Amino acid sequence: MLESDSRSLAVGGAGAGLILLLTLPSIFGTLSHFRSSKVKPSVYEDKDGVATDVSIANYSAKIPKALLAIFTLFGLFSAIALAILSTLDSRMVMFLDNWLNVAQWVLILVQTAVILTVRDTVRSYALGVYTALSATILLSILLFQDQLITTNSHARPNSVELGLRSIQLFVVVLSGFASVCIPRRPDVYYAEKLVDRMTTVSALSKYSFSWIGPLLALARDRKRLELVDLPKMNHLTRSKDLMNSWSETKHTKPLWAEIILAHKFPLMLQWFLTLVQAFGNVAPTFVTYKILQLLEKRVPGQTVGPEAWIWVLTLTLTTIASAWAESWLYWISWSEIALPVRAQLSTLVFQKAMRRKDVKGASAKANKKAPGDDGAPTDTLANAAVTDKPEVVEDDSDPKGKQSTVNLIAIDAKRVSDFCSFNNYFPGCVFKLTVSFTFLISIIGWKSLLAGFAAMSLSLPINIYFSKRYSDATERLMKVRDVKMAVVTEALQGIRQIKFSALETNWHDKIGKVRETELTEQWNVFVSDAFLLFCWITNPIALAATSLAVYAWLYGELTPSVAFTAIGIFGALEVTLAVIPELTTYLIDSWVSIHRIEKYLAAPEISENTSDGPNISFEDASIAWPSDEEKVDGDERYVLRNLNFSFPPEELSVVSGKTGTGKSLLLASILGEVDLLSGKINVPRAPHTLDRHDDLATRANWIIPSAVAFVAQIPWIENASIKDNILFGLPYDEYRYEKVLEVCALKKDLQMLGDGENTEIGANGINLSGGQRWRVTFARALYSRAGILVLDDIFSAVDAHVGRFIFERGLTGELGVGRTRILVTHHVALVKSKTKYIVELGDGTVEHSGLVKELESDGTLQQIISHEGAEINDSGSATAINSEDSSDGEGETLLKVDSKKKDAKKFIEDEAREEGRVKTAVYMNYLKASGGLPYWSLAVASFAAVQVLITGRSWWLRLWTRDNQHTSMTHAFTYSFQVHSMAPNFTTSSNPMFYANSSEIPDHPLSYWLGIYVGISIVSALIGTFRYWYIFTGSIRASRRLFDELSFTVLRTPLRWMDTVPLGRILNRFTSDFYVVDARLANDIGFGANNVFRLIGIMIAGIFVSPWIILLSFVLLTLCVYVALQYLPGAREVKRLESNAKSPIFEQFGSALTGVSTIRGFDKSSIYISRMFSKIDDHSTSYWYLWAFNRWMGWRMSIVGGFFATFVSIFILCMKNIDAALAGFALSFALEYSSTVIWTIRHYANLELDMNAAERIIEYSNLPTESLEGIDPPAAWPSEGRLEVTDLVVGYAPDLPPVLQGLTFNVARKERIGVVGRTGAGKSSLTLALFRFLEARQGAIYIDGLDISTIKLQALRSRLAIIPQDPVLFSGTVRSNLDAFNDHDDSALYDALARVHLLTGTNTPESATSNPNKNTNPFASLSSPITEGGLNLSQGQRQLLCLARAIVSRPKIMVLDEATSAVDMATDALIQRSIREEFGDSTLIVIAHRLSTIVDFDKILVLGEGRVEEFGSPRELWGRENGVFRGMVEQSGERGELERVVLGKTSE
């Protein structure tokens, strides 16, 4: 017993030392507790959040602490009793060991005492974990001692000793459990929302993923989860905290290295768990090997010894421990690495976007592709959907376009974060290979293993080649996805123009071409993937067959323990080796993405190029629009040179000049949004946002003299209420707010809106008219605290009396006076009375500048006014009549819709979400799209065939490894059923068949067994590869069809739907959802089906051992299904929330990129970054819970699966006559049960969650479209352009009142009609009815005698033309915008440009000058690039280009909707003349603000409240004493001039 005692003492001493170490934190904690003089705060607070009084009151650790104390005392007393007994009774063994146990219990009692006294919840939780570790060590020591006692034949323990030892074992387990049941802290709250409870609950709840159980139960009961139901993230995942920690350190290394350093601790833990998992994976196979060895040695009919049962217990423990390590590995990978990395990269990109130069010009690389004047390459540009986009021509690894920037967050950040989550597979492969090889060499020897690897290496060249192909195809695929996103975005942004011009089919084809390129690349990825899968399937077969063959040849036999263990390890290696090529492709993908992000983050930022000064002044400054490229030859940016002037502070200054002379550029320079080429710009330095203390602002300190407010050339409005847009984050001052509404003439508009100031505005103010948009943005500037107002032309879209009102009451009224106001305008005469300083720009320089008094005295002012004034309007006060409104399509009418509703209605509805499981119809739709019943029948057959071959291969191995006493295949069936038949006396020993069959088995050479084994393997490899390739073909087919249906429908949905759905929401379908459908669904289906058939195979293999196993597997499968049913409702809901949470990120990003100059002008970047934080956090939260739910399920499944292998082992050991070969066959499958069940359910869950993408796509594909019915009109229709409107009644929706009520008027051919009327009169409704965006409820519109409601929409819209106030241009070239489909020659296009005065005699293509200081006219070449939205042109140039486009198409009926509002008046007058000349053969309907534009027309149509107020010639209407038209003329500031034109016109 001495030897036992010494071993026991050594173990006991070591254990006591370890427990003492674990007790030290308790001792030090107590000492520091007594030393500390700090008063403990009454409220618990940490980095995650703050506890509330309620949560502190609800926190209680009394029960676990009390139980811990009771169990520890109980254990100590039983240990003391045993030690005293062993002291008194000399026959009892382990006298010293028992006293050592007492010492160990005393140490645990010390730990318990400290836990009871410590008030710090987090410390008591940590000490509880140490106590649990101590209890685990003590349990191991007690078990070791008990084993020594039971194996000692000299001294058997008496019943008292046995009882006391059993009590200790039992109590130490309970103590351990009690110590991990102490909750860590009270619930904490962040921004008044509960923080996730993972670090709140006890260690037991945390490490078993039980803390999310209540949330799953909530989802199951309610069948729905909302974002508010999900607790907030902890500080390790919140984007704001991540950003703060990122900005605390300097980043000098490459981005990938910085990310690794920022997340080094989770990455180290991830790698450590990977190492643990490498051993955990091999452990069950090692245990199987030991069990099979025991069975080989056993004499048939004998029972197995106790050693076998210890191995069964070990199998259970290793399986469960390995599953737990794997669960935590996955959890760490996603929750602590992938999610924080993605959030961090997203915020970095967004922050950069807020600081990056706002580059509007096309890149120099794109310019080089468009040579000067010959325009040769534009055929390809116009025809190829891909190449008419400058941002596509440029290097795709350098994202510049708005959409490419959004892709950085949508795709690149995700790819990098995904790779971070499974980067550990690389070291994991090394760990697993090392452990597996070590084990294999010990079983089959190095020669066999080497031979196997030699055979496997034959596929290496194929692997390398297709890995390269895969990565190349993926890179191309990413680029095409960028192109597709840009084309789709452009189509959606320009949808009004597309619909007005009936270009849906053309754009559908254009998008289709890019999509086809994308699918071609996706197919290339799939083909490469199929070959990689082939390598994955064949490698382990080659390895196994060669290794076993060489082993059998070397040793002359193949035992079951060797064969089945080796096969088990080869199977594990199969996944390990297969992952390497795929991982390499993921590594390359994320490498490309991280470099794209890094390149974006390194791009030039807005620099401090203005100097602090008392007022805004320019000293010899030369400025150009920003460029992020080095200065190159042929830099075609527009440059303003040699600027020398100073704007007087607290006064009104005006900037004027012809269209395209750089007025907006000058304003941008004040904001610092330009490249300063030379000289100096002085601007008073504004205080930082945080130093303004807006929340403390009062009327007395409201104005900050150096702060800036900006109204851009294109009014930028957010998707928020009118009130929120005006307040723009400032506190509400009732007097100031009401005053702003009054002076911006918004009160009447708000009365018309049902919800008044709370009316929600769509993105970019889509549901406001042009004038309303301008006035809301001006109101925002007036309400602001800025002492400097920088205003682009606020008068262009409002009529004269409103313009005058805004000027007098707003700009120079109470709220404007005393502020420095710099205004760009063409209406110099209107504003000159109160203007202090004027700057007139010419071609690239200042024509005139100076104080108004000085310029007036030397006659220059009159000259400036004459430049601005139109020929017919020398008073300069251009008058308009449309009461601050113009229609830009649905415009004001949407307001009317709301105005009639009593209840507040959201303009942008919340995104809809399906409920419950994905509907069967969605699955059927997808299955049908991918090939239907014949296709899927063959797919199922191929999966079934592979599983039959795999099971057959293992069975063949079982036959091969049997010896002469082993049963044949025939007998295996009879044996298994007879042994377990209900007849008790019927056994194998009495069955004569047993001997008959075994005696008939002939001996076969190795080549026979090996040949058939390899034959089966090759066939299974070929069919195995074919089935994946086959699934990929169906996936491409389904993707093509679903995309085609979606783009067809979305392009043809009613305009109102397009206006009320944010762009990001639609883009989410076209990008993220199709990424899932294209790339992931095929794998979900393929691998899912594979696992289902594997599961069936495992159950069938179990039958060969015992029919009871099938019963057992069904019981366990039922348990697994139960777990899955608890999991799926929550997972489905969270997945849908995650899909929906992506859209707001894209919308916010897109909106902020559009309005970046306004945001920066107001110095609101930090507010938008905070907003982005919350949207990213919403997405992170839903993704976090998706993974938390997944781990909750995975861990529970693993436990159930672990028991399957245990039960099969028990069955095998209980059966006395089973041979080792059959046992090996059964166990090799049984060990797979756990992972197969988990993966089957995981793939089903993934399939259901990914089908959510198909569901969202199909939802939009089934939207109602505009009418596709009708007749084709005659080819030459309309030949005259006659228009008859009879008793027309239209409304916006069946349940809304009509907006046009009985409209009747006739327009003869070639007549020019001016339409006037105040806001809400129905002007835009008339336009929409003419183009059938609104269908007639009553009455009709006839064009050339044909009722337009009877003809096809496409035919109608293609024969009419409209030029909206908001010009829509598409990226490409001047040519592609004028003539998108190459119907006209160059001379016709140049002619059209000349007629709208974009080309003059001095800058026609033939006379393009080469003077380096002369700005190039972008219209001199048809190949000049136009960027996304035409943003490299001024607003006026865009309007003129749209007019030129209409001139090219020469329609018979033309609608001009305030088409020249942003053009200077001299140019406008010239254009009006061009229109009269060019459209002399067309019927013209013009909605205008300037009465001078339409006063000489044939007829004027005055509308009021949807009815015709007056209709007749100007002379006729002038003659009506109290007529509406006459009243308008009299109210205008140019009555004399207009009267002269009216009377002059009629007297001719």
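The values are calculated or read from the model by the stated rules, or taken from the named source; none is laboratory data. Quantities reported herein were computed from a predicted structural model and do not represent experimental measurements. No Cβ is skipped: glycine too gets one built from the backbone with ideal geometry, and neighbour counts run over all protein chains shown. Note: areas computed on protein heavy atoms with side chains; ligands, DNA, RNA excluded. Shrake-Rupley method; radii C 1.70, N 1.55, O 1.52, S 1.80 Å.
Annotations
- Taken across segment 604-626, residues that are assigned to a loop (DSSP other than H, G, I, E, B), surrounded by fewer than 18 Cβ atoms within 10 Å (Cβ to Cβ), aliphatic (A, V, I, L, M) and modelled with pLDDT of 85 or more do not occur at all.
- Leading residue by the ranking (surrounded by the most Cβ atoms within 10 Å (Cβ to Cβ)) among those in segment 821-845 that are of a type in the set (S, T, N, Q) and either out of contact with any strand residue (DSSP E or B) (no Cβ under 8 Å at 6 or more places or on another chain) or over 21 Å from A781 (Cα atoms) (or both): T845
Residue-wise test of (1) under 40 Å from the mean Cα position of the chain (by Cα); (2) without any contact (Cβ under 8 Å) to a residue 60 or more places away in the chain.
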site	(1), (2)
Q1301	no, no
V1307	no, no
S1325	yes, no
I1341	no, yes
D1347	no, yes
K1352	yes, no
S1358	yes, no
P1364	yes, no
P1367	yes, no
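- Inspection of segment 251-266 finds no residue satisfying the criterion of being closer than 30 Å to E557 by Cα, open to solvent by 10 Å² or more (accessible area, probe 1.4 Å), outside any helix (DSSP H, G or I) and of a type outside the set (D, E, K, R).
- Evaluating V946 against the criteria (1) surrounded by fewer than 18 Cβ atoms within 10 Å (Cβ to Cβ); (2) among the β-branched types (V, I, T); (3) at pLDDT 85 or above leaves one unmet condition, (1).
- Residues of segment 489-502 that turn out to be in contact with a Lys or Arg (Cβ under 9 Å, 6 or more places away or on another chain) and either buried (at least 22 other Cβ atoms within 10 Å of the Cβ) or at negative phi (or both), as a count: 6
- Any hit, segment 309-327, residues being assigned to a helix (DSSP H, G or I), open to solvent by less than 50 Å² (accessible area, probe 1.4 Å) and in contact with a Lys or Arg (Cβ under 6 Å, 6 or more places away or on another chain): yes
- Applying the criterion of at least 2 residues that are closer than 30 Å to I1145 by Cβ, open to solvent by less than 20 Å² (accessible area, probe 1.4 Å) and basic (K, R) to the helices (runs of 4 or more DSSP H) found wholly in segment 704-818 leaves 770-783.
- Condition check for L1263: open to solvent by 10 Å² or more (accessible area, probe 1.4 Å), touching a helix residue (DSSP H, G or I) at 6+ places or on another chain (Cβ under 9 Å) and in a loop (DSSP other than H, G, I, E, B): yes
- V1208 being touching a Cys at 6+ places or on another chain (Cβ under 8 Å) and either closer than 27 Å to P1107 by Cβ or at pLDDT below 85 (or both): no
- In segment 1158-1185, the residues that are on the phi > 0 side of the Ramachandran plot reach residues that are surrounded by fewer than 19 Cβ atoms within 10 Å (Cβ to Cβ) and among the polar types (S, T, N, Q) with C-beta atoms within less than 8 angstrom, at least six apart or across chains, in these pairs: D1163/T689.
- Test: A1082 is open to solvent by less than 10 Å² (accessible area, probe 1.4 Å) and under 30 Å from L519 (Cβ atoms): yes
- Condition broken by K65, with the remaining ones in (1) modelled with pLDDT of 90 or more; (2) within 30 Å of A191 (Cα to Cα); (3) charged (D, E, K, R) satisfied: (2)
- Scanning segment 187-212 for residues that are in contact (Cβ under 8 Å) with a residue 24 or more places away in the chain, part of a loop (DSSP other than H, G, I, E, B) and either open to solvent by 10 Å² or more (accessible area, probe 1.4 Å) or aromatic (F, W, Y) (or both) returns D187, A191, S202, S208, F209.
- Restricted to segment 1483-1535, the set of helices (runs of 4 or more DSSP H) holding at least 1 residues that are surrounded by fewer than 22 Cβ atoms within 10 Å (Cβ to Cβ) and among the aromatic types (F, W, Y) comprises 1514-1518.
- Scope segment 213-249; condition in a helix (DSSP H, G or I) and in contact with a strand residue (DSSP E or B) (Cβ under 9 Å, 6 or more places away or on another chain); matching residues: V228
- The single condition from (1) surrounded by fewer than 21 Cβ atoms within 10 Å (Cβ to Cβ); (2) at pLDDT 75 or above; (3) farther than 21 Å from Q1439 by Cβ that K901 fails is (2).
- Residues (hydrophobic (A, V, I, L, M, F, W, C), free of Cβ contacts under 8 Å to residues at least 60 places away in the same chain and open to solvent by less than 30 Å² (accessible area, probe 1.4 Å)) located in segment 1091-1140: M1099
- Top-ranked residue of segment 417-447 - restricted to ones that are among the aromatic types (F, W, Y) and farther than 17 Å from L269 by Cα, ranked as least open to solvent (accessible area, probe 1.4 Å): F439
- Subset tally (residues that are of a type in the set (K, R), more than 19 Å from L791 (Cβ to Cβ) and open to solvent by less than 50 Å² (accessible area, probe 1.4 Å)) for segment 642-681: 0
- Entry remark, segment 682-698: residues being of a type in the set (S, T, N, Q) and either open to solvent by 30 Å² or more (accessible area, probe 1.4 Å) or in contact with a Leu (Cβ under 9 Å, 6 or more places away or on another chain) (or both) number 1 in total.
- Members of segment 1266-1316 that are of a type outside the set (A, V, I, L, M, F, W, C), assigned to a loop (DSSP other than H, G, I, E, B) and open to solvent by 50 Å² or more (accessible area, probe 1.4 Å): E1269, D1272, P1274, S1279, E1280, R1282, P1294, D1295, P1297, R1309, K1310
- Residues in segment 1031-1077 that are of a type in the set (K, R) and part of a helix (DSSP H, G or I) were compared, and the one that is surrounded by the most Cβ atoms within 10 Å (Cβ to Cβ) is R1069.
- Residue in segment 448-464 that is surrounded by the most Cβ atoms within 10 Å (Cβ to Cβ), counting only those that are in contact (Cβ under 8 Å) with a residue 60 or more places away in the chain and of a type in the set (S, T, Y): S448
- Residues of segment 180-209 that are of a type in the set (G, A, S) and touching a Phe, Trp or Tyr at 6+ places or on another chain (Cβ under 8 Å): S202, A203, S205, S208.
- All positions within segment 675-693 that are part of a loop (DSSP other than H, G, I, E, B) and of a type in the set (A, V, I, L, M, F, W, C): V683, A686
- Looking only at segment 162-186, and only at residues there that are basic (K, R) and open to solvent by less than 40 Å² (accessible area, probe 1.4 Å), the one that is farthest from K62 (Cα to Cα): R165
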